[in-house]
Every structure is written in C-alpha cells, then in structure tokens.
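Below: the structure, in structure tokens.
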Amino acid sequence: FTIDRHSHVTTDIHVNSCVLGTVLHYLNYSQGVPLSSNWVPLRELPSGKDWYRLFGQQCEQVLKATADSYPDLFSDLVESFRGRMVDERFQADVSVILSPLPLVPMLICYWQPEEGMESSLKLFFDDTAEANLGIEGLYTLGVGIAQMLQRLSKVHSHGQ
C-alpha cells in the first residue's frame, strides 16, 4: 500500500474496504510488539473468546470452501501474496504463512478430505497479534482476506 499526503491509496493487489480499513487501523494503533512465533487460534488471544465463533463462520469456513473448490489456492497464495509454505510441524496437508501486515502474520492450515471425513481449515495468529491490531482488526482482516480470496478464486475459475 502507498498512501500519499492527500490520503490517496494505491496498491498492486485487489483490495476491499475491510482490508484497507484494517491497514489504516494498524498504521494508527499498532503497539509494535515483536513477533513471538507462538501460533494460536483466535479464541486463545486475550479477547478472542467473544469473537472466535463468528470468525469461524465468516473467515475460516469461507476460506475452507474456497480451498475445497479452488485446488491451486495455496500455490497461488504463495506466488501472488508472497506467502510461504511451512514445515510439517503443524501436521496439516498444507500450511501457508501470509504476512498481510508486518507484525500480523497469519498461518493457514488446511487438511484435505479423506475417507469419509470432510476437509478442515484453521487460521492461526502470532500470539502478539492482538497487541498489534486489536481483536476487531484481526476479525476484519481475516474476513476481508477470505472474501478477497473467494472473489479471486471465482474469477480465476471462470477464466479457465
């Protein structure tokens, strides 16, 4: 993102208002707490208990449906959004870290369907994320990214 002195925003990526609002919130309110590399689900963050069910519905379920219907999602995430695949210590079929904001990385773990069990997707944050964005910002960022990826996957699948 680039924001000029007249408040004009430019970016090289498709962005929605959820993501832009979160970026502006981050710029104004981040406490600058260094990353701990301790990954936790949203519900384990200090204010996460009140938000995790809605987050599961509006973010994780949308991402799961997108991953189920768009098999190239994770490789495209790595390429397009400078994500990086991580090792098997998370015991998922696919684990990708996205860094939408410098001090707010997201770990997406996806388990493919197998033998009568449906797929599963979970999102994790560094345990410092709430200090650097706030719980509402984390919710909005997750939902915004889920919606953006859902739209991109629809455009991609119709373009083929």
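A few notes on this one:
- Residue in the stretch 99-107 that is open to solvent by less than 20 Å² (accessible area, probe 1.4 Å), among the aliphatic types (A, V, I, L, M), touching a helix residue (DSSP H, G or I) at 6+ places or on another chain (Cβ under 9 Å) and free of Cβ contacts under 8 Å to residues at least 60 places away in the same chain present: yes
- Pairs meeting the criteria (first residue in the stretch 86-97 and within 15 Å of Leu123 (Cβ to Cβ), second residue at pLDDT below 85 and buried (at least 18 other Cβ atoms within 10 Å of the Cβ), beta carbons under 7 Å, at least 6 apart or on different chains) are Val94/Phe74; Val96/Phe74; Val96/Leu77; Val96/Gly83; Ile97/Gly83.
- Of the residues making up the stretch 114-141, those that are of a type in the set (A, V, I, L, M, F, W, C) and either without any contact (Cβ under 8 Å) to a residue 40 or more places away in the chain or open to solvent by 40 Å² or more (accessible area, probe 1.4 Å) (or both) number 2.
- Flag for Asp93 being charged (D, E, K, R) and buried (at least 17 other Cβ atoms within 10 Å of the Cβ): no
- Residue in the stretch 85-99 that is closer than 12 Å to Ala129 by Cα and outside any loop (DSSP other than H, G, I, E, B) present: yes
- Verdict on Leu63 being surrounded by 14 or more Cβ atoms within 10 Å (Cβ to Cβ), within 17 Å of Leu35 (Cα to Cα) and modelled with pLDDT of 90 or more: no
- A search for C-beta distances below 8 Å between a residue of the stretch 56-72 that is more than 14 Å from Pro41 (Cβ to Cβ) and any residue that is open to solvent by 20 Å² or more (accessible area, probe 1.4 Å) and assigned to a loop (DSSP other than H, G, I, E, B), counting only pairs 6+ apart in sequence or on different chains, returns Asp68/Pro113.
- Complete set of residues in the stretch 24-35 that are open to solvent by 50 Å² or more (accessible area, probe 1.4 Å), modelled with pLDDT of 90 or more and over 18 Å from the mean Cα position of the chain (by Cα): Gln31, Pro34
The values are calculated or read from the model by the stated rules, or taken from the named source; none is laboratory data. Keep in mind the model is a prediction, meaning the values are calculated, not measured. Here the Cβ is made from the backbone with ideal geometry for all residues, glycine too, and neighbour counts use every protein chain on show. These accessible areas exclude ligands, DNA and RNA; they are computed on the full protein's heavy atoms, side chains included. Shrake-Rupley method; radii C 1.70, N 1.55, O 1.52, S 1.80 Å.
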